[in-house]
Amino acid sequence: MLSRSCISLLELASGDMLNFPQTPRNLPRVMTARGIISDIDEGLRSPSPECYEKKIIVSNFLPLHSQKDAKSGKWSFSFDEDQVSWQLKDGFSSGSKVVYVGSLKVDVDVSEQEEVSQKLLEEFSCVPTFLPSDIQQKFYHGFCKQYLWSLFHYMLPMCLDHGNRFDRQLWLAYVSANKIFADKVMEVINPEEDYVWVHDYHLMILPTFLRKHFTRVKLGFFLHSPFPSSEIYRTLPVRDEILRALLNADLIGFHTFDYARHFLSCCSRMLGLEYESKRGYIGLDYFGRRVNIKIQPVGIHMGRLQSALNHPLSSAKAKEIQEQFKGKKLILGVDDMDIFKGISLKLLAMEQLLLQHPELLGKLVMVQILNPARSTGKDVQETRRETYATFRRINQTFGFPGYEPVVLIDRNVPLYEKTVYYYLAECFILNAVRDGMNLMPYKYTICRQGTPKMDEALGISSDTPRTSTLVVSEFIGCSPSLSGAIRVNPWDIDAVADALNLAITMPDLEKQLRHEKHYRYISSHDVAYWARSFFQDLERACKDHYTKRYWGIGFGLNFRILSLSPSFRKLTIERILSTYRRTSRRAIFLDYDGTVVPQTSISKNPSPEVISVLNNLCSDPKNTVFIVSGRGKISLGEWFSQCENLGIAAEHGYFIRWRRTLDWETSPLAADFDWKQIADPVMKLYTEATDGSYIEPKESAWVWHHQDADPFFGSCQARELLDHLENVLANEPVVVKRGHQIVEVKPQGITKGLVAEKVLSTMIDDGKPVDFVMCIGDDRSDEDMFESILRIASDSSLPAAPEIFASTVGQKPSKAKYYLDDTSDVLTLLQGLAASSLKSRANAEIQASTQSVA
C-alpha cells in the first residue's frame, strides 16, 4: 500500500536531495476504528464516539534494550525503564493505549526487519523506524550531535578546530530521517482521536510532515535541551524552517522560562510573531491557530530509584563504599563525558579547595563518575585527556599513601551502584557550563532520603533526620527549581571552591531544611506529574480543532495551516456581481493602507488605477463610496483631489467629508484635547529611549511607531508605553490602543465603526435604506467597521436586510465573512464592479436614446 506520506523531498530543502530507500512498508497499519485507513475528510466533523484514543510517543530511540543471541540468531527485547519516554506512561490513566515510535540502538539486518517489527508491535507496542545506516550516521552523529547539539549549547563553529560548520548534506539527512519517523507515525495513527507527543531536537521538523497530511492532528512537542538566545539561533542557516516546523505543533514544551523566552524571541525577531498570555497560558497566534507554550521541568521516577536502592547487591555495595571512604566526607559528581559538563572545571575547584583548606587533606574525597559519551569526536577525546590530566595532577600533588583526593570511575556503572553513591555522598556537585534539564540532583536528593531496607543494612534509624547539599551551575535547567541549592558560575573556580566548602561545613539543621524543601518539590513533581500536566494542556490546546476549517499553505518546510471560521470564504467578482447589479442603494467602505495601497509600498500615493476605479464607482448614482483611514485629512484630501464624489473619513472618522466640494465635518465626541499635554512628555521619553521609533501627531490622535526599532525591544517598549499611558490618562476621555507596531491615543468613541454607522444611518434617514453594503479592510481598526455594518444589517426596523459583503485583506481570523488575498485582488474586484456600473449606465443611455427617438 502506497503511503500518503510519500512526497517529493525536493520540496523540503534547496539543493540536491539525498537518495535514500523508501521507508519499509512491512509494518501493518494499526486501526482503532473501522475506516481509518481511508483518506481523512477535511470537512468539519466531530470525532467518532466509537474510536478510542491512543498516545503516540515519538523519540529518537525506543525505550528498549535489544540483544541478539549469537547461537540461535533470535532477537530478545526488554523495556529500558531508565528512559523518560517509558517512565512518562505513569502519568496516563491505567487504560491508556501507548504506542512508541523510534529507532533501535542496534542495527537490524534488512531481512530481519519485518519479523522484528511484528514482534515489537505485538509484544511491546513499539514501532521501529530502521533508518538506513548512512542516513543514521549523518542524521544522528552528524547534524544532531555535531551541529545542532553544539549550537543549542551555545558553541558556535568559529573555526574548524572548535565545532562543525553547517553542512547541507547533513541537513538533508536530518530532513530524510524526520520524514521516515513521520511515515511510521502515519502508519499507526488514527488522526481523529490519537495524540502525538514528539520529543527533543532530533525531530524538530517532524510536526510539519504530520500537519501536512493530517491538519487536525493533536500534536505536542517537548524540547529536552536548552533553546539558545536569538543571537545564537539566528546563525543557523535553516532557522526559519525549524521555527515554522515547531509552530505546526499545538503545544511546545520547555524546561524553563529562559528556554521558552529565547524561542519566543526568535519567533518575534525572525517571523514577526508576538506572544501573549491569556489566563496564565502563553501562546502565539500563527495563521489563525493558537500555538501554546508549556513551561514545565521534567521529573524523575521515584519508584525506579527506590527499587535500585533495594537491589540485592545494593546493601553489600554500600558497606564496601562506606568502608572504603571511612572517616572521609564524600563529594559526588555524575556526568556524561562531553565538553559542556564542566568536569575539568569541577576538578579545578576541588584543587583550589584543597589549596585554600589544607586541613581537609585526608578528610575529603571527590568521586567523579563518568558516564559513557553519547557521541564521538575530537571534542570528547580532548575532554577526556584534560580530565585525566587534571585528575592525575591533583592526586600527585595532594595525595599520599592510602589517600586519593579524587576518585575517577570511568566505566559503565549500574544504576544500583550509582544510587548507593548518591545515598552516601554528603554533597553533590553539578558544574555544567550549559545543559538542558539534568536530573542528577533530583536523583541524589531522592536517594539521600533512603529506604527502610538500606537504612537497616547500614544501621541507620528510620527517624534519623535526612540531609543533603547541592552545588549546581546556574546554567542548567534544574537550577531554577532547586531554590535551596548553592548556585555557582562554573567558570569562577574560586566561587565554586567556596561553595563546596560551604556545603560540607554547613550546620546539619540547615542541611536538613534544604533537603526537606527539595524533597517535597521533587517527590510531588515527578515524571508522572510532568506527563499528566503536559497532556492536560495538550488536550486543552486541541479542543477547538473541529470548530474551525483549515487550509494548508506554503511548500516544503514552509508549510503551515491556516485556521479560519467555517463560513469564511474568498470574495470573488462572480459571487458579488449579481447582487451588485440588482441593488440600487449601495454603500462601499474601503480602508486605505493595506487595502487599496500595499503596506510595503514606499510611495503611499494612490496609483492612477486606484483613482480611475474610484471615480468610475463614484460616478454611479446608486453608489456611496467612502475611503475610511487613520491618516490625516490633509494628505487624504490631496491624494484624492481628483475624486469629486468620493467620501473620505480621516483619522478613523474624527473628520468626515461627503464629497470634495463640501467642508470637513468634525466629530462632536471629542472637544477636549488637554490630554495631549499629559501624553506628550511620556511619548517623547519613549521615543528618545527607543532608537528607530517616532511620533506621528494628528489633530485628534497621537501615534507612536516602532516598526523601525529592534523588534523585541520595540515590542517591549510598546507594552510598557501602553501601560504607562493607560495609567497617566486614566481620567481623560481617551482610549489607548496597541496596533501593528504602533501605540495610539485617540478620543473615546472615535472608530471606523462609527463612520459606517453614521453613513448608513444618514442614508436610512433620507428614506432610502441601503440594500447593498461592501466593506473591505486589513487591520484591527477595520474590524470595528465589520462589526457595525453587521449590527445595522440585523436591525429589525429596516424594511429589508441589506446584502452584506465584509471582507478582510489576507487570510486571517476576522469578523468579516470573506477575504481577498491582497491589494491587487481588491483592485481587481473594484474594477469588476466599476465595469458593471459603466455597462449599466451605457445601457441606460442607449435605452433612453431609443425611447427619445421613438
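The values are calculated or read from the model by the stated rules, or taken from the named source; none is laboratory data. Keep in mind it's a predicted model, so treat the numbers as computed, not measured. Counting neighbours? That spans all protein chains shown, and the Cβs are built from the backbone with ideal geometry, glycine included. Areas reflect the complete protein model, heavy atoms only, side chains present, ligands, DNA and RNA absent. Shrake-Rupley method; radii C 1.70, N 1.55, O 1.52, S 1.80 Å.
Exceeding 31 Å between C-alpha atoms, which entries from my cross-link table qualify? They are Lys145/Lys517; Lys145/Lys543; Lys363/Lys443; Lys329/Lys517; Lys543/Lys817; Lys676/Lys768.
Pairs exceeding 31 Å: Lys145/Lys517; Lys145/Lys543; Lys676/Lys768.
Please list the equivalent ellipsoid semi-axes of region 673-735, computed as the square roots of five times the alpha-carbon gyration tensor eigenvalues, in descending order and whole angstrom.
20, 13, 9
Where does region 285-423 land on the Kirkwood hydrodynamic radius, alpha-carbon pairs, in angstrom?
Roughly 17.5 Å, rounded to one decimal.
If you take every DSSP beta bridge whose two residues both sit in the chain, what share of them, in percent to the nearest 5, is antiparallel?
Roughly 35 percent of the DSSP beta bridges within the chain come out antiparallel.
Just the Kirkwood number for region 528-608, please: inverse of mean 1/r across all distinct Cα pairs, in Å, one decimal.
18.1 Å
Calculate one ³J(HN,Hα) per residue across region 611-626 by plugging θ = phi - 60° into the Karplus curve 6.51 cos²θ - 1.76 cosθ + 1.60, and present them in order as whole Hz with x for glycine and proline.
4, 5, 5, 5, 5, 5, 5, 5, 6, 7, x, 7, 9, 10, 10, 10
Before I look further, what does the chain give for accessible area per residue, probe 1.4 Å, in whole square angstrom?
Here the residues of the chain average 43 Å² of exposed surface.
Compute the projected area of the convex hull of the Cα atoms of region 487-541, averaged over all viewing directions, and report it in nm² to one decimal place.
Spelled out: convex hull of the Cα atoms, projected over all directions, averaged, 5.8 nm².
Would you report the distance distribution of C-alpha pairs in region 72-157 as whole percents per 5 angstrom bin, up to the bin with the largest distance?
Spelled out bin by bin, region 72-157 gives 3, 11, 18, 17, 17, 16, 11, 6, 2, 0 percent.
For the chain, what is the calculated [θ] at 222 nm in deg cm²/dmol (nearest 500), taking -39500 (n - 2.57) for each run of four or more DSSP H residues and dividing by its residue count?
The helix-only estimate for the chain comes to -12000 deg cm²/dmol at 222 nm.
If you wrap a convex hull around the C-alpha atoms of region 257-325 and split its volume per residue, what is the figure in Å³?
Spelled out: Cα convex hull of region 257-325, divided by residues, is 169 Å³.
Any number yet on Rg/Rh for region 515-560, C-alpha, Kirkwood?
My calculation of the ratio gives 1.32.
Relative contact order for region 388-530: what is it in percent, counting Cα pairs under 8 Å that are at least 6 residues apart?
Here the relative contact order equals 23 percent.
Please compute the alpha carbon radius of gyration of region 757-854, then divide it by the globular-protein estimate 2.2 N^0.38 Å. Two decimals is fine.
Compared with the compact-globule rule of thumb, region 757-854 sits at 1.36.
Based on the mean of other beta carbon atoms within 10 Å per residue, what is the order of 752-762, 397-407, most packed first?
Descending mean neighbour count gives 752-762, 397-407.
Return the Cα extents of region 424-465 along principal axes one, two and three, sorted largest first, each rounded to a whole Å.
Cα extents, longest axis first: 39, 16, 15 Å.
Does region 543-659 come out rounded, prolate or oblate, given a ≥ b ≥ c as the square roots of the eigenvalues of its C-alpha gyration tensor, rounded meaning a/c under 1.5 and, failing that, prolate meaning a/b above b/c?
Verdict is prolate for region 543-659.
Kindly rank 687-698, 128-139, 430-441 from highest to lowest mean number of other beta carbons found within 10 Å of each residue.
Highest mean packing first, the order is 430-441, 128-139, 687-698.
Between rounded, prolate and oblate, where does region 451-493 land on the alpha carbon gyration tensor, with a ≥ b ≥ c its root eigenvalues, rounded for a/c under 1.5, else prolate if a/b exceeds b/c?
prolate
Go from 0 up to the bin containing the longest alpha carbon distance in region 179-283, width 5 Å each, and give me the % of pairs per bin.
2, 12, 22, 24, 19, 12, 7, 2, 0
Given axes a ≥ b ≥ c from the Cα gyration tensor, I'd like to know whether region 369-464 is rounded (a/c under 1.5), prolate (a/b larger than b/c) or oblate.
oblate
Mean projection of the alpha-carbon convex hull of region 706-816 over all orientations, in nm²?
8.9 nm²
Restricting the calculation to Cα positions, tell me the Rg (one decimal) and the Dmax (whole number) of region 696-767 in Å.
15.8, 54
Could you please tell me the mean projected area of the C-alpha convex hull for region 343-425, averaged over all directions and given in square nanometres to one decimal?
6.1 nm²
Any chance you could list the semi-axes, whole Å, largest first, of the equivalent ellipsoid that the Cα gyration tensor gives for region 613-688, using √(5λ)?
Largest first, region 613-688 gives 32, 14, 9 Å.
Residue-wise, which Karplus ³J(HN,Hα) couplings in Hz belong to region 364-380, taking 6.51 cos²θ - 1.76 cosθ + 1.60, θ = phi - 60°, and x for glycine or proline?
9, 10, 9, 9, 10, 8, 9, 6, x, 5, 8, 9, 10, x, 5, 4, 5
What is the distance in Å between the Cα centres of region 424-445 and region 549-628?
60 Å
Given C-alpha coordinates of region 765-808, what is the ratio Rg to Rh with the Kirkwood estimate of Rh?
Radius of gyration over Kirkwood radius for region 765-808 works out to 1.00.
Taking the highest mean first, how do the peptides 233-242, 570-579 order by number of other beta carbon atoms within 10 angstrom per residue?
Taking the mean over residues of other Cβ atoms within 10 Å, the ranking is 233-242, 570-579.
When only alpha-carbon atoms are used, what values of Rg and Dmax, in angstrom, describe region 113-184?
15.5, 49
Divide, for the chain, the radius of gyration over alpha carbons by 2.2 N^0.38 Å, where N is the residue count.
1.19
Rg and Dmax in Å for region 101-253, alpha carbons only: what are they?
Considering region 101-253 through its Cα atoms, Rg and Dmax are 16.3, 50 Å.
So, with a 1.4 angstrom probe, what is the percent of accessible area on region 158-306 that is carbon and sulfur?
Ligands and nucleic acids excluded, carbon and sulfur reach 47 percent.
Apply the Kirkwood formula to region 413-536: the hydrodynamic radius equals the inverse of the mean of 1/r over all pairs of different alpha-carbon atoms; give it in Å with one decimal.
Hydrodynamic radius (Kirkwood, Cα pairs) of region 413-536 is 15.3 Å.
Kindly give the semi-axes, whole Å and largest first, of the ellipsoid equivalent to region 584-627, taking each as the square root of 5 times a Cα gyration tensor eigenvalue.
Semi-axes from the Cα gyration tensor: 23, 11, 5 Å.
Could you bin all the Cα-Cα distances of region 209-362 into 5 Å bins starting at 0 and give me the percent of pairs in each, rounded to whole numbers?
All Cα pairs considered, the percentages come to 2, 7, 11, 13, 12, 10, 9, 9, 8, 7, 7, 4, 1, 0.
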